[in-house]
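Reading through the structure tokens given below for one structure.
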Amino acid sequence: MSRDIDWIKRPGRGADLRTGLRERSIGLALGAAGVLTVAVATIGNLTAGGNPARAVWTFGATTAGLGLVKTGIAIVLVGIVLRLWLRVDSVKESLARMKGRTPPGGVRTGDVETPFGPATSAATSPDPLPIHRMARAMWLPALVMGVMAVAVGFVFSLAASAQDPTIVAFRRWSALSQGTMFLGETFLLAGISFLLGTILSGLREGGGEVQEELGVAVKTLRMPTSAKAFIALMATGMMIGIAQFVLYLVGAANAGDPGFVTTAAWLGPLREVGLGVMLAGIVLALHTIAGALGFQFSRIRELIATGA
Amino acid sequence: MATLARNEFDVPTTPIDRDDDFLVVVSDRSLGRNTPQRVASRLWAPMLAMALIAFPAAFVLALVRSSLIGDGATDVVAIAQLQHLTAAVMFTGFLAVLSAITFAVARILGEFRSGGGLVQESAGVRVQTLRMPAPAKGMLALMMAGMMAVLIPVVLHVVAAAAIVGPAEADLLRSERWFEVLEGIRRLGVAAFLLGISLGLGTIVHVLRFQATHIREVADEVGSSR
């Protein structure tokens, strides 16, 4: 694991019971700050009275607030990754004392069917999949780029709100603000998706590590269809997020062209579809995590009952 | 004092005091998943399916509106109505996908509760199960608040679209203001949903802490009885 880029340092065996709590507190505090920001922007919306300059400011503040909540979610996920590693140590230590007597005859290897889907049985822990390596290396850069783009987009929205809504400069800043902020939201969701991938990677690697150390068959679930669909949806959402940004840049460069109003009528919904597709991918990632946990609990019970 | 608690297998439970900050009940068998977790296990997939239908549908409506604008904007009423309808369908999608995420988080919590109980049961010890912690209750409350704050504007967008009767400027301006107000409320709903999801994930941290501590206690108990 340590051969690859990994931004989350695995806690030592004697780590404090409070590990992960700091991340949880920071994440929830950011979430609360984000909701407050959105609430302030909502008041702005309620009192805007058809003023386009006000509307562009409230859009910027709302998107920045939602960005804060998403950053908070990512930080809580870091806390989960840390706690999962401590779970591996606890299970390893405890299962060595609880498992049944391992029958002689060595480890049977090959493909096996489980109630949770097809799995492999091997003598050693599996290597991390390329997608898991990528997730562990990419979550932090994606998150940082997301935060930066949302912050820059917010500054653009302030610049737009300072302009007269009837002039071309207003439309230019407004287009830049929308494109940049939604690019930031896309990267924030990508960071969260990569963190969910990191959790899946940790479950796979940790499960293998426990079984290998106990000297039993290392049973590992094959990548389920839901995980493949998660990757496809995430990639689609990212492509839409980047495409909308490019199209808004083109729009900003041609802000004086009356035809941009036509494009903006579908570009706004397109950027929302991009985020929706990424959120759908996150649902499938969570479903995959639930399946992996069910498999692990079932395997622990099997080891307690049979020792193999 | 033993109390009869409604849980998946209707197992009697007894609250006990631990030396740490975990509030638990004990029982002879695994309690399985609680009611919200069982509901979540059934509803996450239909919600995801609804979202995957709503997003492209909203985009098609946006394309129709865009083509009307491109054709010379003669039918301003239809353009204003489609603005409301696109937002209504799009945010039906967001309502569904954010519900699906919340349900999926609840489903993970259900796996921990059910699986943790079954592991203790198979080790032959009395089963300790965490009582629902405050953040999990917060997740449910924020999900419901978020759902209402998105659903009500979705309905009002449809009402606003139906209320546009003529091409008079005052009518169109009123429609635009309605759009602005509803936009603010539904975004607040999305923020509430997301904060609820944070609380759900925070609950997972709590559960992982408990399970890492308790499995060692179970091993000690099993070791001393062998």
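Within region A:225-279, restricting attention to residues that are touching a helix residue (DSSP H, G or I) at 6+ places or on another chain (Cβ under 9 Å) and outside any helix (DSSP H, G or I), which residue is farthest from A:V168 (Cα to Cα)? Selected residue: A:G259. Candidates in region A:28-50 are the residues that are under 15 Å from B:W178 (Cβ atoms) and either more than 7 Å from every other protein chain (Cβ to nearest Cβ) or not in a helix (DSSP H, G or I) (or both); of these, the one that is modelled with the highest pLDDT is A:T47. Screening A:A53 with (1) at the interface with chain B (Cβ under 10 Å from one of its Cβ atoms); (2) in a helix (DSSP H, G or I) gives one miss only, at (1). Just to be sure I understand, how many residues within region B:54-79 are closer than 30 Å to B:E111 by Cα and without any contact (Cβ under 8 Å) to a residue 24 or more places away in the chain? Counting residues in region B:54-79 that are closer than 30 Å to B:E111 by Cα and without any contact (Cβ under 8 Å) to a residue 24 or more places away in the chain gives 0. Scanning region B:25-66 for residues that are more than 24 Å from the chain's Cα centre (by Cα), outside any helix (DSSP H, G or I) and buried (at least 19 other Cβ atoms within 10 Å of the Cβ) yields B:V25, B:S27, B:S30. Out of B:V218, B:V222, B:V207, one residue alone is modelled with pLDDT of 95 or more and facing another protein chain (nearest Cβ under 8 Å). It is B:V218. Scanning region B:67-78 for residues that are closer than 13 Å to A:A265 by Cα and buried (at least 16 other Cβ atoms within 10 Å of the Cβ) yields B:L68, B:I69.
Within region B:136-156, the set of residues being crowded, with 21+ Cβ neighbours inside 10 Å, under 16 Å from B:I197 (Cβ atoms) and not hydrophobic (A, V, I, L, M, F, W, C) comprises just one member, B:G146.
Among what's in region A:278-308 and is within 7 Å of chain B (Cβ to nearest Cβ) and within 16 Å of the chain's Cα centre (by Cα), pick the residue that is nearest to B:A191 (Cα to Cα).
First, the residues of region A:278-308 that are within 7 Å of chain B (Cβ to nearest Cβ): A:279-280, A:282-283, A:286-287, A:289-290, A:293-294, A:297, A:300-301, A:304-305.
Narrowing the set further to residues that are within 16 Å of the chain's Cα centre (by Cα) leaves A:279-280, A:282-283, A:286-287, A:289-290.
Working: A:L279: 14, A:A280: 17, A:I282: 17, A:V283: 17, A:L286: 20, A:H287: 22, A:I289: 24, A:A290: 25 Å.
Among those residues, the one meeting the criterion is A:L279.
B:L201 meets all of the listed conditions (1) touching a helix residue (DSSP H, G or I) at 6+ places or on another chain (Cβ under 6 Å); (2) more than 13 Å from every other protein chain (Cβ to nearest Cβ) but one, namely (2). Residue count for region A:14-34 under the criterion of being surrounded by 24 or more Cβ atoms within 10 Å (Cβ to Cβ) and either closer than 20 Å to A:Q178 by Cα or in contact with a Pro (Cβ under 7 Å, 6 or more places away or on another chain) (or both): the result is 1. Being at the interface with another protein chain (Cβ under 7 Å from one of its Cβ atoms) and farther than 17 Å from B:G200 by Cβ holds for only one residue in B:A78, B:A58, B:A88, B:A100, and it is B:A58. Applying the set (1) part of a helix (DSSP H, G or I); (2) surrounded by fewer than 15 Cβ atoms within 10 Å (Cβ to Cβ); (3) touching a residue at least 40 places away in the same chain (Cβ under 8 Å) to A:G100 leaves exactly one unmet item: (1).
The values are calculated or read from the model by the stated rules, or taken from the named source; none is laboratory data. Small disclaimer: the values here were computed from a predicted structure and weren't measured. Note that we place each Cβ from the backbone using ideal geometry, even for glycine, and neighbour counts take in every protein chain shown.
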